[in-house]
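The numbers here are math on the coordinates, done by the rules we state, and not lab data. As the structure is a prediction and not an experimental result, all values here were calculated from the model. Positions of Cβ are generated from backbone atoms using ideal geometry, with glycine treated the same way; all protein chains shown enter the neighbour counts.
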Amino acid sequence: MIRVGGWARLSTCDWPGRLVTTVFCQGCPWRCGYCHNPGLLDPRGPATVDWAEVTGHLVRRRGLLDGVVFSGGEPLLQAGLAPAMREVRGLGFGVALHTGGAFPRRFAGLLDEGLVDWVGFDVKAAPAAYDRVTGTRGSAAPALRSLRLLRDSGVAHQLRTTVDPALLDARAVAELGAWLAEQGAGGHVWQEARPV
């Protein structure tokens, strides 16, 4: 199914207004300097939680939890994400996704199938500064394609940017704010980078 590198049985902050279980998927193609979950970066890292343990927890929490958030790492890295989301839906729960949009084709498939109720989308920087933040060449193009897909889908979402002064100085923050305004992107939240 999916490789789970960790999970929070109960979260009140990963999907605004909802009580959820958050599943942290193993693996990420990017290397953001402020990453809060560096233990999840290697896709071959240990899967510390069996997916059956998560679904068993959900069965016991029907009527108490609203949904499941797939976070990471980068959940879109995993080919088994869509089947996992279908299983969660089959158990009667809502589905949310935290993503940076690194894999737009997979993201489009989830959106087209109606598997996602809410998305927390990480906008790393204005396009010209993306690679500096992600530590990965060519990271802006897939992220921006995914952002367009999200905005065109009508799925509820929140755009958020983590501000690490070492990667985004005041000028870069202003450039991103201006770029988002040009895109007509609302619902954006600034987050302060937290030391790991």
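Figures for the structure shown
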| item | result |
| --- | --- |
| Test: Arg106 is of a type in the set (Lys, Arg), under 14 Å from the mean Cα position of the chain (by Cα), under 30 Å from Leu19 (Cα atoms) and surrounded by 17 or more Cβ atoms within 10 Å (Cβ to Cβ) | yes |
| Unique residue being assigned to a helix (DSSP H, G or I), exposed (fewer than 14 other Cβ atoms within 10 Å of the Cβ) and either among the aliphatic types (A, V, I, L, M) or in contact (Cβ under 8 Å) with a residue 24 or more places away in the chain (or both) when the list is Ala143, Ala174 | Ala174 |
| Residue identified as over 15 Å from Glu74 (Cβ atoms) and not in a loop (DSSP other than H, G, I, E, B) among Leu167, Leu180 | Leu180 |
| Extreme residue, farthest from Gly90 (Cα to Cα), among residues of region 39-54 that are surrounded by 17 or more Cβ atoms within 10 Å (Cβ to Cβ) and among the β-branched types (Val, Ile, Thr) | Val49 |
| Pick from region 179-194, criterion among the hydrophobic types (A, V, I, L, M, F, W, C) and in contact (Cβ under 8 Å) with a residue 24 or more places away in the chain, ranking: nearest to Tyr34 (Cα to Cα) | Ala193 |
| Residue list for region 100-140, restricted to those being β-branched (Val, Ile, Thr) and not in a loop (DSSP other than H, G, I, E, B) | Val119, Val133, Thr134 |
| Filter result for Leu97 (within 19 Å of Val4 (Cα to Cα), without any contact (Cβ under 8 Å) to a residue 40 or more places away in the chain and buried (at least 24 other Cβ atoms within 10 Å of the Cβ)) | yes |
